[in-house]
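Note sheet for the following structure.
None of the figures in this text is laboratory data; all of them are computed from the coordinates on show. Since we're looking at a predicted model, the values are computed, not measured. Cβ coordinates were reconstructed from backbone atoms using ideal geometry, including for glycine residues, and neighbour counts include every protein chain displayed.
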2 protein chains.
Amino acid sequence: MDAIRITGATRLYAIVGDPIAQVRSPEVFTERFATTGVDAVLVPAHVPADRVDEVVPALMQLGNLEGLLVTVPFKVRMLRFAQRLGNTAKCVGALNALRREADGSWTGEMFDGEGFVRGAERKGERLPGRRVALFGAGGAGSAIAYALAEAGVQSIAIIDPQAGRAAALVEKLRVAFPGCALMAATAKPADVDMVVNASPVGMKAGDGLPGDIGALSVDTLVGDVVILATPTPLIEYATRAGCSWVNGRDMHAGQVDALIAFLAQRNA
Amino acid sequence: MDAIRITGATRLYAIVGDPIAQVRSPEVFTERFATTGVDAVLVPAHVPADRVDEVVPALMQLGNLEGLLVTVPFKVRMLRFAQRLGNTAKCVGALNALRREADGSWTGEMFDGEGFVRGAERKGERLPGRRVALFGAGGAGSAIAYALAEAGVQSIAIIDPQAGRAAALVEKLRVAFPGCALMAATAKPADVDMVVNASPVGMKAGDGLPGDIGALSVDTLVGDVVILATPTPLIEYATRAGCSWVNGRDMHAGQVDALIAFLAQRNA
């Protein structure tokens, strides 16, 4: 790996969040820039949650800031700072990346879903035709539902404790993906061959599965967005059943290339 | 040297200026942090000159920003962002460093003058007794006049296109340094043995000397705060005359230790 060097001419990217110390992007992206000969770094920017409307627009005026990554709790709130949104961000109402265009305007897009799909593909999993049960219709769940529909899954049953949220997501996605069978559900349907947890269940010690999963056939692909040092309850359950799985780290690793490509593609 | 690494927990310093690509601090300070085991980086922040009042206070709200260095054209304008000033900043009315205190307030100080004097001393030059012609009574010029007077030069003639600015600086310094002969001048006096450019003349392609310099005797010490990849017109002129010189890089190198000490000394 080439050494990281910061000069006056180095271009800046920042990841904004509150808290910020836990994020992995500064290391991953800065190393990637160094190995590919891009004179840029990605730094953590701890924006206090109650100051985002004041601090972020000011940051965006720095002449050498090329782009922003966005983490909790700003993925929905930062929509307002983009003059243009990609299709996923527009549909799911959240973003996790912003880039500065040549004319100084900002374009936002959401890559959590694409990260999940690419993370699965990197592990050799095939997604087209899958029948999916998806737990969670929040920011991550919405982005994953969008990306799975785009990847050609046959059906997605969306389960969320807030039934209205799952129904609203189904409505939005139906317009974009008429070929995918979308439904709001109250429990995992029996005939699925993919189960994804995009809810926060599993983050807290003592959490169990996100819902009633039942027996898993060995050809079921299991996904979980939760990032823990140890396997989540759902990933453990999948491992015991002999199923393949995709976890939160796979999702993060899966979106690095997409984020790099998005940030590099500046429009006039 | 230890490798530079940027993680979510890395603390930030930034240098603000317009333009910014020419600054040396990001490389110098970031390497110093790495070799001394401090998990911090110093990044360039290009603040458009007409946005400083909006952008800088917002930057200062980043929870992981520990301090700022300040370059052209903000050394005077950024006084207003400090709740407390060191002695030099107070006297010369300019600053080039701000640090965040434990209580969240900001302290500013000016190190350009000290950097210039230390830079000259590091090259083995003696300053006491020198008769100085100084071009430029802005932030850098004021700080250099202060530091030269403190170092014991015999006289300083200050030349600035804004005559009132030179006169005001002379007034301020007379109080602090009654033993130094200070005067506002319209041209370089004949009997000087030190010529310093602290004006921006020389930064732009096609710039010449900061004023009428005349012939230089070989014992004249020449200084120039302007940092270019190639020698400035004044440093070239000095070299042709066989004079010793101190350039912007020397001034910069001369203040690194003082800046590091200032930034590290956080008060409760």
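Electrostatic bookkeeping for A:PRO73 treats Lys and Arg as +1 and Asp and Glu as -1; over the other residues with beta carbon under 14 Å from its beta carbon, the sum is 0. Both the radius of gyration and Dmax for chain B are 18.4, 58 Å, in that order, over alpha-carbon atoms. Backbone amide hydrogens, once placed in the peptide plane, bring A:ALA151 within less than 5 Å of nothing, excluding anything fewer than 5 places away on its chain. When the charge dipole of the range B:113-251 is built from unit charges on Cβ atoms (+1 for Lys and Arg, -1 for Asp and Glu) and taken about the Cα centre, the candidate among B:ALA147, B:LEU228, B:TRP245 whose Cα reaches farthest toward its positive end is B:ALA147. Extending 7 Å from Cα along the Cβ direction at B:SER217 and again at A:ARG77 yields two label points whose distance is 6.7 nm. About the centre of its Cα atoms, chain B shows a dipole size close to 280 debye [charges on the beta carbon of Lys, Arg (+1) and Asp, Glu (-1) only; nearest 20 debye]. DSSP beta bridges fully contained in the protein assembly as shown are about 15 percent antiparallel.
With a ≥ b ≥ c taken as the square roots of the eigenvalues of the C-alpha gyration tensor of the range A:81-142, please select rounded if a/c is under 1.5 and otherwise prolate if a/b is larger than b/c or oblate if it is not? Prolate shape, in that a/c is at least 1.5 and a/b is the bigger ratio. Quick check on the range B:1-141: take the gyration tensor over C-alpha atoms, sort the square-rooted eigenvalues as a ≥ b ≥ c, and tell me if it's rounded (a/c under 1.5), prolate or oblate. Oblate shape, in that a/c is at least 1.5 and b/c is the bigger or equal ratio. Any idea what log10 I(q)/I(0) is at q = 0.11 Å⁻¹ for the range A:113-251, Debye with uniform C-alpha scatterers and no solvent? Results for the range A:113-251 at q = 0.11 Å⁻¹ read -0.33. Ignoring lysines fewer than eight residues from A:LYS172 along the same chain, the ones with Cα atoms less than 29 angstrom from its Cα are A:LYS75, A:LYS90, A:LYS188. Distant-in-sequence amide contacts of B:SER244, defined by a placed amide H-H separation under 5 Å and a gap of 5 or more residues or a different chain, comprise B:VAL222. Straight-line cross-link partners of A:LYS204 among the lysines, defined as a Cα under 19 Å from its Cα and at least 8 positions apart when in the same chain, are absent.
Computing FRET efficiency as 1/(1 + (r/R0)^6) for A:ARG249 and B:LYS204, where r is the C-beta to C-beta distance and R0 is 56 Å, gives about 0.65. Would you mind counting up the charge near A:MET251? Only other residues with Cβ under 15 Å from its Cβ, with Lys and Arg at +1 and Asp and Glu at -1. Spelling it out: positives minus negatives among the neighbours equals -1. Note on B:18-29: average number of Cβ atoms from other chains within 10 Å of each residue's Cβ is 4. Around the Cα centre of the range B:113-251, unit charges on the Cβ atoms of Lys, Arg, Asp and Glu (plus for the first two, minus for the last two) sum to a dipole of about 140 debye.
List A:MET183, B:MET194 from most exposed to least, where exposure is judged by having the fewest other Cβ atoms within 10 Å. Walk me through the numbers before you get to the answer.
Values: A:MET183 14, B:MET194 26.
Lowest count first: A:MET183, B:MET194.
If you take the alpha carbon atoms of the range B:166-222 and fit the smallest convex hull around them, that volume is 112 Å³ per residue.
Projecting label points 7 angstrom from Cα along Cα→Cβ for A:ARG174 and A:GLU101 puts them 3.3 nm apart.
Altogether, the Stokes-Einstein calculation at 20 °C and 1.002 mPa s, with the Kirkwood radius of the protein assembly as shown over Cα pairs as Rh, returns a diffusion coefficient of 82 µm²/s. Taken as entire DSSP H runs, the helices of chain A that both span 20 Å or more between Cα atoms along their own long axis and average -1.0 or more on the Kyte-Doolittle scale are A:163-176, A:248-264. The distance separating the Cα centre of the range A:150-203 from that of the range B:37-51 comes to 44 Å. Neighbours of A:GLY223 by Cβ distance under 15 Å: Lys/Arg scored +1, Asp/Glu scored -1, total -1.
Here the simple spin-label model places points 7 Å from the Cα toward Cβ, and for B:ALA49 and A:GLU121 these points are separated by 4.8 nm. For the pair the range B:1-35 / the range B:101-149, the C-alpha centres are spaced 23 Å from each other. For chain B, the mean residue ellipticity at 222 nm estimated from helices alone is -10000 deg cm²/dmol, where every DSSP H run of n ≥ 4 contributes -39500 (n - 2.57) and the total is divided by all residues, rounded to the nearest 500. Under 5 Å between amide hydrogens, built in the peptide plane, is the criterion, and for B:ALA184 it picks out B:ILE158 among residues at least 5 positions away or on other chains. Each Lys and Arg adds +1 at its Cβ and each Asp and Glu adds -1 at its Cβ; summed about the Cα centre, the protein assembly as shown shows a dipole of about 360 debye. Note on A:LEU228 and B:ARG240: with the Förster distance fixed at 56 Å, the Cβ-Cβ geometry gives a FRET efficiency of about 0.25.
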